[in-house]
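Here, each number is a calculation from the coordinates, and none is a lab measurement. Bear in mind that the values here come from a model prediction, so they are computed numbers and not experimental data. Methodologically, a virtual Cβ is constructed for each residue, glycine included, from the backbone with ideal geometry; neighbour enumeration extends over all protein chains shown.
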């Protein structure tokens, strides 16, 4: 087990990044057929980077026979959506509410909020980096998630998805800063609300016996008081 060491309306240009839409029809068709499917992925990552990231997800939270790994649960989709958050309008940053529709009420979680100017500045800096812009460098230069993932996935090697499990662990441990970043995001994608792109069909919640959001139905007195 490895150690435990939030998508493009441009106010400022995002980090330049190549797009690679290599033909992978079978995988896309299988993915797109699921009931949890919302947006085509990858959104920001290249196909090669997305495949590497999915393998990283399964290395960090692997399937165990009874529960799915983070790859199947959609953690890579969550991370890719986060990296491309500003390619959506509103950006995929703050989900709506107060109810998701999974336990009654209106399905509002998918109605993402528009950001204030300050929130947009903060999140663009976090995701895209400061890019030499004075407004983003009030605390100094910032390397954004986009660059950190582009470089971190590259260091793992294009053959990472084909590597043996032990070799995957060795490569991840050799890059502790990237491991810390990606592990946190993998957990968010595995166990966060599905509207953010991961936890497909609440598969992550069901794997740990978590009911998820239950409002407005809530809990009965018996459910709350029963041992």
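Summary table
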| read-out | value |
| --- | --- |
| Relative contact order, percent, segment 29-225 [alpha-carbon distance under 8 Å, six or more residues apart] | 27 |
| Virtual spin-label span in nm between residue 66 and residue 135, 7 Å along Cα→Cβ | 5.2 |
| Over segment 76-153, relative contact order from alpha-carbon pairs under 8 Å, at least 6 apart, % | 21 |
| Cβ-based exposure ranking for 56, 41, 224, in which fewest neighbours within 10 Å come first | 224, 41, 56 |
| Residue order, fewest to most beta carbons within 10 Å, for 54, 102, 206 | 206, 102, 54 |
| Stretchable slack from residue 226 to residue 175, in nm (0.36 nm times residue separation minus alpha-carbon distance) | 13.7 nm |
| Theoretical gain in end-to-end length, residue 215 to residue 116 [0.36 nm per residue, Cα-Cα removed] | 32.9 nm |
| Coordinate range along principal axes, alpha carbons of segment 177-227, Å, largest first | 46, 23, 15 |
| Global form of segment 58-118, assessed from the alpha-carbon gyration tensor, a/c cut-off 1.5 | oblate |
| Rg/Rg_globular for segment 86-227, with Rg_globular taken as 2.2 N^0.38 Å and Rg from C-alpha atoms | 1.34 |
| Using a Förster distance of 30 Å, the FRET efficiency for residue 166-residue 206 (Cβ separation, nearest 0.05) | 0.55 |
| Taking 82, 118, 172 and counting other C-beta atoms within 10 Å, the order from fewest to most | 118, 172, 82 |
